[in-house]
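Since every read-out is calculated from the coordinates, none of them should be taken as a lab result. Everything numeric in this text was worked out from a predicted model, so none of it was measured. Heads up, the Cβs are rebuilt from the backbone with ideal geometry, glycines too, and the neighbour counts pull from every protein chain shown.
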């Protein structure tokens, strides 16, 4: 019996739901929104600029008119990386040549079907895809896709020839480690600090291939603590009302003094 793409996607989503349930930001890197547009051409031009990939083209789904399109792009430059968040409301295909830096691409919601050198790969939440520098590719984004892109600088030294691999669940967890924190940036200084820690975690993981050694000794992955996940869910449910920290702590199993 053949299994369709949507069947595979929904099975993966059911497996990954427990990990992703406390990632609640509506748009990726929304604090650093650069473009919100209903013009596909404007969106593509901005994507080329943000990612440093001038040789990109796009095609809307044949059943989608330009008037139905809505897209957003956010970008944050770190010391050793360029981070992008993108959203498209409609099915869209993107093809062309990647920038001169390695890119890690992972949906926060939705899925992306990639084709590189006649090889196909489906990237879903928690299942990242790694795109090599200066390589040609085709990508099909499903409607209402929210995508996180990490471009690591080619200046980052490597002590081994081992690189990131597509489908690496621990690499996906490291991306979640950062994404879960992004809605709670206090200011640009805080965002820069958390981004630097994320970059160091990625570099450590690439060198050691060990998830535990990638994180600093005192760092906590929110997704690994169900109490913190529960607290975040409760806070998000109360954003439009008054937030009672003692009640949230009591219902999530945390101390009211936790920080």
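Observations, loosely collected:
- Estimated FRET transfer efficiency (residue 250, residue 118; beta-carbon r; R0 41 Å; 0.05): 0.15
- Length available on full extension from residue 42 to residue 165: 0.36 nm per residue minus the Cα-Cα distance, which gives 41.1 nm.
- Efficiency of FRET between residue 95 and residue 197 - r from beta-carbon atoms, R0 35 angstrom, step 0.05: 0.55
- With R₀ set to 41 Å, the beta-carbon distance separating residue 60 from residue 155 gives a calculated FRET efficiency near 0.70.
- Seen from all directions on average, the stretch 70-124 presents a Cα convex hull projection of 4.6 nm².
- In nm, spacing of pseudo-spin labels at residue 210 and residue 186 (7 Å Cα→C-beta vector): 3.2 nm
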